[in-house]
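Taken together, the values in this text are just the output of simple stated rules run on the coordinates, not laboratory data. Since the structure is predicted, the reported quantities are computational estimates derived from the model, not experimental observations. Note that we place each Cβ from the backbone using ideal geometry, even for glycine, and neighbour counts take in every protein chain shown.
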């Protein structure tokens, strides 16, 4: 833990410090385990302990008055995985290659069918992973078994053939089947097994790394060439207050939107008290997230939607072709476009996204756009201008906007930038943690736990050292000397070594 506060993230650096660095030697009581022992402890043996330890630390932060869970600031950052940059596997590529392989398998089965009785249609089955009918690796293995039996029978026939001519005839007859057998065993079966294994690793993702299969390829901010290069990484979701990390989760999804619900569900499972305010940026603004936060009765959310900042600009009301700026007749349920043409309600529609979430829309369509001089600026479609209005989402957006415009809401949301963003700055710039040193989702989660504990302890030590009017917004119990003297016991209690 002390090593992480000193920017020593590799086990070899920790092992070397145990022999050369006096504070490390004192903390270890003169013991100097080698780097393999340190690595086993932090990556394997500590997996089952980290979650409980981190929850205990948050409890202690609350008890000592460092945080009160009045506000819960959530944000995410991407950290590069310990994986080769060019070890990518793409889902679309796998699906394409597998489909071509299925065509080759069908051609091979046609050759086999001419030699032995084989109903190829019975080997096809519906596959939910590939979303079509296909021959699985298991079914193809059954075909190989049948071909092997047939070839053994042919070999026996060749062995007992009375004449040389009959042997040659049997050998010629078995050549197509032997060639098909080689294709199945040497090419089709191994490739099919590999593609099925890859599809199992993808899950809901579109990519993974061969070096670290749990890592997903994402766009990082440090793109110096500005070419949108993708790197294998993880999405670190962090909740903070007073720049202390209250809770964290690690996700394989590159976007923040789909991380909110699993993150907060994980937080609730820890048994910690729920916060009064939940603050996140526009990256989390979606209908599903708003509905989820509505269900949290004791928690008030402050999450702007993706067009909130745009709507606050003075230029927004001047955008004549945006439906928000059109006149709406509530009685007749119609909009009036800038050319004073009626945009009337046409039909209801429902959309289901790739994750199964359903959204209901009201579709409005202009009575006629023919001859309109503004059509090129108003719509790119060939037909009349359409508006797709989501009543539920618009109502939820209005609620969030009202909370953001309130005095308390505006103050808390302005605080978000200096609270959670500063934590990422300390981790990446001050500690230099920009790339993982372990592989696999479970080990990466443990490593970020060590990093979070280190950041919290550094923050506590800093407050104890600089207990001045600058830090009086945090009501720490006791004087500077008392806080400093309690810090070692705080660490021991977090590790469960004191009662």
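See the values below:
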read-out: Mean Cβ neighbour count within 10 Å, used as a protection proxy, ranking 52-64, 237-249 highest first; value: 237-249, 52-64
read-out: From the C-alpha gyration tensor of the stretch 90-207, square roots of 5λ in Å; value: 35, 12, 11
read-out: Cα centroid separation, the stretch 260-275 to the stretch 364-399 (Å); value: 40 Å
read-out: Three-way shape label, the stretch 219-280, alpha-carbon gyration tensor, a/c 1.5; value: prolate
read-out: Listed peptides 404-416, 372-384, 205-217 by packing density, highest first (mean Cβ within 10 Å); value: 205-217, 404-416, 372-384
read-out: Contact order normalised by residue count of the stretch 90-207, Cα under 8 Å, 6+ apart, percent; value: 39 percent
read-out: Longest to shortest principal axis, alpha-carbon extents of the chain, angstrom; value: 106, 85, 43
read-out: Relative contact order computed over the chain (Cα-Cα under 8 Å; 6+ residues apart), in percent; value: 21 percent
read-out: Volume in Å³ per residue [convex hull over Cα atoms, computed for the stretch 1-45]; value: 66 Å³
read-out: Share of pairwise Cα separations in the stretch 313-389, more than 17 Å, in percent; value: 51 percent
read-out: Ranked packing of 392-398, 330-336, most packed first, by mean Cβ within 10 Å; value: 392-398, 330-336
